[in-house]
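I have placed the structure first, in the form of C-alpha cells, so that the comments after it can refer back to it.
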Amino acid sequence: MNLPNKLTILRICLIPFFMFFILTDFFQYTELVALIIYVAASITDSVDGHIARKYNLITDFGKFMDPLADKLLVISSLVCFVEIGVLNSWVVMIIIARELAITGFRTLAANKGITLAANIWGKLKTICQMTTIILLLVINAEMLLFLDILVLPLVALTVLLTLLSGFIYIIQNKSVLK
C-alpha cells in the first residue's frame, strides 16, 4: 500500500467524521471542525494524485478508489447540506445522478477493456463542486457571511458544469456505447 493509496483511504475515513460534525451541535465549533475536516480531505485528493504521478505510484487500486473517494466525499457533503436545509434536494440529485451515470459509463468501458481518463471538464466540475462545498461550509460556520451572495451563482455554475462535463464525457467516449 503506497502513500497515495493511504491518502485515498484517509479521505474515505474522514467522511463519517465530517458528517458527524456538520450534522450535530456536539459543541460550539462543530461547523468549523467540519470545514477543517472537509478541507483536509480535499487536500488529500490533490496531494495523492500529485505524488502518484510524480513518483509513478499509479495503481489499479488508486485508479478505482481515488475517484470513488472523491464522489463519496462530495455526495456525503451534499446530502448533509440537504439535511440541514442549505441546498435543495433537486440540486443534489442532479449531481448524484451525473456521478452515478459516469461511474456506470466507466464501468461499462472497463468491462470492454477500455480505460477512460478524466478530461478537463471533469476536473473543472470537481474544482467547482469542492469550491462550492467549502463556501457553503464557511457560511454555515458563520464565517465570512458576506460571501453568501456568491452561493446562488456558484451553485448554478456547479450544476451547469456537472451536467456539461457529463454530456461532453459521454460524447467524447461514445464508442463505448457501441
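The values are calculated or read from the model by the stated rules, or taken from the named source; none is laboratory data. Please read these numbers as outputs of a predicted model, since none were measured by experiment. Please note: Cβ atoms are built from the backbone with ideal geometry, for glycine as well, and neighbour counts cover all protein chains shown.
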(message) Restricting to the range 27-79, name every residue that is in contact (Cβ under 8 Å) with a residue 12 or more places away in the chain, touching a Phe, Trp or Tyr at 6+ places or on another chain (Cβ under 8 Å) and either surrounded by fewer than 14 Cβ atoms within 10 Å (Cβ to Cβ) or not acidic (Asp, Glu) (or both).
(response) 33, 34, 37, 38, 41, 73, 76, 77
(message) Can you tell me which of (1) modelled with pLDDT under 90; (2) farther than 16 Å from residue 63 by Cα; (3) part of a helix (DSSP H, G or I) is the one residue 122 doesn't meet?
(response) (2)
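For the subset of the range 57-79 comprising residues that are assigned to a loop (DSSP other than H, G, I, E, B) and of a type in the set (A, V, I, L, M), which member is farthest from residue 177 (Cα to Cα)?
Initial filter on the range 57-79 (assigned to a loop (DSSP other than H, G, I, E, B)): 57-59.
Imposing the further condition that a residue be of a type in the set (A, V, I, L, M) reduces the set to 57-58.
Values: 57: 31, 58: 27 Å.
So the residue we want is 57.
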(request) Name every residue in the range 125-149 that is farther than 20 Å from residue 68 by Cβ and surrounded by fewer than 17 Cβ atoms within 10 Å (Cβ to Cβ), in order of residue number. (result) 131, 134, 142, 143, 144, 145, 146, 147, 148, 149
(message) Pull out all pairs, ordered by first then second residue, where Cβ-Cβ is under 8 Å, the residues are six or more apart or on different chains, the first lies in the range 151-178 and is small (Gly, Ala, Ser), and the second is surrounded by 18 or more Cβ atoms within 10 Å (Cβ to Cβ).
(response) 165/98; 165/122; 165/125; 166/98; 166/102
(request) Test residue 81 against the stated conditions and say whether it is farther than 23 Å from residue 20 by Cα and modelled with pLDDT of 90 or more. (result) no
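For the range 80-91, how many residues are in a loop (DSSP other than H, G, I, E, B), without any contact (Cβ under 8 Å) to a residue 60 or more places away in the chain and among the β-branched types (Val, Ile, Thr)? It would help to see each step written out before you state the result.
Initial filter on the range 80-91 (in a loop (DSSP other than H, G, I, E, B)): 84-88.
With the extra rule that they be without any contact (Cβ under 8 Å) to a residue 60 or more places away in the chain, the set shrinks to 85-86, 88.
Keeping just the survivors that are among the β-branched types (Val, Ile, Thr) gives 86.
Here the count works out to 1.
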(request) Quick one: residue 103 ticks every box in (1) touching a helix residue (DSSP H, G or I) at 6+ places or on another chain (Cβ under 8 Å); (2) touching a residue at least 60 places away in the same chain (Cβ under 8 Å) except a single one, so which number is it? (result) (2)
